[in-house]
Amino acid sequence: MRTKIAIVAAVVAATAPLVAARAASATHQAADSTRTPESPSYTVSLTSNATGGTWTGHESVTFTNASATPLTEVYLRLWDNYHGSCPSTPVTVTNVTGGTAGAPEVGCTALKVTLPAPLPQGASGTVGFDLSIVVPSGADRFGHDGAYYFLGNALPVLAVRDASGWHLDPYTNHGESFYSLASDWTVTLDHPTSLKVPATGTSTDRAGASGRTVTTATAAKVRDFAWAAGPFAATSGTSPGGVKVNVYRVSGISAGSATSMLNTATAALDAHAQRFGAYPYGEADVVLDNNFWFGGMEYPGFVLDLVGSTSLAHELAHQWWYGIVGDDEYNSPWLDESFADYATDLYEGKTGSGCWNSVSWASSDEKITNSMAYWDAHPGRYAMVVYGYGKCALHDLSRVLGTTAMTRLTHDYARSHWYGVSTTAEFKAAAQALTTTDLTSFWSRHRIDG
Ligand SMILES: [Zn+2]
């Protein structure tokens, strides 16, 4: 995500419903650090109403227990229930099969499904359920701006269990709490033909019932699936590097702005790919609306954005930093935000020269590596520290290592964590391996802990 301006985030903080901050839940201590359930494969079939604002149908997910510790349950994250008033929710799951649903948890954003029998290491399970999604009002990542509907984080996804147990962190409106493993998706969307449905993955259309189109989107090795629905105008092109980009715009945005953003998108995707590895998803959809309260929001192969080249380059950098190279966005937001902003600086030719001179910490507790629990309590500092100081720290690291080593570090680190999960400790170790300079004091001075 990229905030529009700091003051906007502060205003939202003051008006957003408070969510009790809680540390990663450890309801079931796992015996090893293996992240599980792994390789989820989702199959979703939804039918919309006439506007694209209500979707009903079915979702199922097949998964494998990668851990030596048996899997006795899984958790579904129903993130967008943050936007309701639990127990009244915009995302409703019913008729669960393949397990027994418990009571909603974490403000209705988590649903435990107890499996019929513990799943040993290497065994697979499938959970299915009926699904209903009602998009609320508001130009938001889950919301609608008039006739234009945005469905980010609307589909339930599996939570992750590792050595610290199940990750059941709360939703945050200041950034992201989303943490999921690379997954495969087949999503069928039955909608009025008058609506376009930009979506994660690659889509094919076929005729449905009278006046309706059935769009099937498939995506491999992505962490989430998002889409939009509305009477968008569309502009498409292909980057010199071969990535197809589709730009969708609401009625208030001109064709000229769309063309300009298409040029930014193709250039930024190619620049990021050249630095971090080829973009693996074939195409990318960019959905433009200047009424979003944020600058932009990233989903795999799909971003929401204002008309603004810096925010678009940032969201597209998230295709690598969050998407391809995953991270626990609640506990280590810097691993995607600092890296996405650093990539954006490189794309724009900025070197961050002297940027650390303007760093001024608000307290001894403030660190680039703090979690969203901290930033939710200090929302006015989040963008400054995690984006601003974070990218500056990476520029400083580049000065310590030298540009050639830094280029190799980010490229090889992305490759070694491709479709996996980045951690602060692993990034620090990878950087240390490239220099004889002891980086201990560097990390300490830049407040990069972990
Ligand atoms: Zn971001």
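The values are calculated or read from the model by the stated rules, or taken from the named source; none is laboratory data. Here the structure is a predicted model, which is why all the values come from computation and not from measurement. Positions of Cβ are generated from backbone atoms using ideal geometry, with glycine treated the same way; all protein chains shown enter the neighbour counts. The accessibility values were calculated without ligands, DNA or RNA, using every heavy atom of the protein model including side chains. Shrake-Rupley method; radii C 1.70, N 1.55, O 1.52, S 1.80 Å.
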Review point. Among Ala20, Ala30, which is the only one that is modelled with pLDDT under 50, more than 21 Å from Gly152 (Cα to Cα) and either aromatic (Phe, Trp, Tyr) or open to solvent by 70 Å² or more (accessible area, probe 1.4 Å) (or both)?
Key: Ala20
Check your understanding: Just a yes or no: is a residue in the stretch 338-345 open to solvent by 20 Å² or more (accessible area, probe 1.4 Å) and either free of Cβ contacts under 8 Å to residues at least 24 places away in the same chain or not β-branched (Val, Ile, Thr) (or both)?
Key -> no
Practice item. Kindly indicate whether Trp334 is under 20 Å from Ala220 (Cα atoms) and either within 13 Å of the ligand (Cβ to nearest atom) or under 16 Å from the mean Cα position of the chain (by Cα) (or both). Key: no
Point to revise | Neighbours by Cβ (under 6 Å, 6+ apart or cross-chain): first from the stretch 292-319, free of Cβ contacts under 8 Å to residues at least 12 places away in the same chain; second within 13 Å of the ligand (Cβ to nearest atom) and in a helix (DSSP H, G or I) | key: none
Practice item. Could you tell me whether the stretch 287-297 includes any residue that is surrounded by fewer than 18 Cβ atoms within 10 Å (Cβ to Cβ), at pLDDT below 95 and over 25 Å from Tyr389 (Cβ atoms)? Key: no
Practice item. Looking at (1) surrounded by fewer than 24 Cβ atoms within 10 Å (Cβ to Cβ); (2) in contact (Cβ under 8 Å) with a residue 60 or more places away in the chain; (3) in contact with a helix residue (DSSP H, G or I) (Cβ under 8 Å, 6 or more places away or on another chain), find the lone condition where Glu283 falls short. Key: (3)
Practice item. Scan the stretch 273-330 for residues that are among the charged types (D, E, K, R), part of a helix (DSSP H, G or I) and within 11 Å of the ligand (Cβ to nearest atom) and jot them down. Key: Glu315
Revision key, fill the gap. Reported set for the stretch 429-442 where residues are closer than 30 Å to Thr36 by Cβ and crowded, with 19+ Cβ neighbours inside 10 Å is Ala431
Review point. Is one or more of the residues making up the stretch 179-202 among the hydroxyl-bearing types (Ser, Thr, Tyr), within 16 Å of the ligand (Cβ to nearest atom) and in a loop (DSSP other than H, G, I, E, B)?
Key: yes
Exercise for review: Please verify whether the stretch 387-395 includes one or more residues that are under 21 Å from Val286 (Cβ atoms) and in a helix (DSSP H, G or I).
Suggested key: yes
Review point. Does Gly352 count as surrounded by fewer than 20 Cβ atoms within 10 Å (Cβ to Cβ) and either away from the ligand (no atom under 15 Å from the Cβ) or on the phi < 0 side of the Ramachandran plot (or both)?
Key: yes
Review point. Are there any pairs with C-beta distances below 7 angstrom linking a residue in the stretch 430-448 that is farther than 21 Å from Pro333 by Cα to a residue that is in a loop (DSSP other than H, G, I, E, B) and at pLDDT 95 or above, with the two at least 6 apart or on different chains, and if so which?
Key: Gln432/Leu439
Study note, to complete from the structure: The residue from Ser180, Ser194, Ser164 that alone is among the polar types (S, T, N, Q) and at pLDDT below 95 is Ser164
Practice item. Name the residue, out of Tyr82, Tyr149, that is aromatic (Phe, Trp, Tyr) and outside any strand (DSSP E or B). Key: Tyr82
Exercise for review: From (1) in contact with a Phe, Trp or Tyr (Cβ under 8 Å, 6 or more places away or on another chain); (2) open to solvent by 10 Å² or more (accessible area, probe 1.4 Å), pick out the condition that doesn't hold for Ser364.
Suggested key: (1)
Review point. If a residue has to be out of contact with any Phe, Trp or Tyr (no Cβ under 6 Å at 6 or more places or on another chain), open to solvent by 30 Å² or more (accessible area, probe 1.4 Å) and of a type outside the set (A, V, I, L, M, F, W, C) to count, how many in the stretch 191-234 make the cut?
Key: 14
Exercise for review: May I ask you to verify whether Leu409 is assigned to a helix (DSSP H, G or I) and touching a Leu at 6+ places or on another chain (Cβ under 7 Å)?
Suggested key: yes
Practice item. Inspect the stretch 370-383 for any residue being more than 28 Å from Val160 (Cβ to Cβ) and open to solvent by 40 Å² or more (accessible area, probe 1.4 Å) and give the result as yes or no. Key: yes
Check your understanding: Just wondering, is there one or more residues in the stretch 279-290 that are in contact with a Lys or Arg (Cβ under 7 Å, 6 or more places away or on another chain) and at positive phi?
Key -> yes
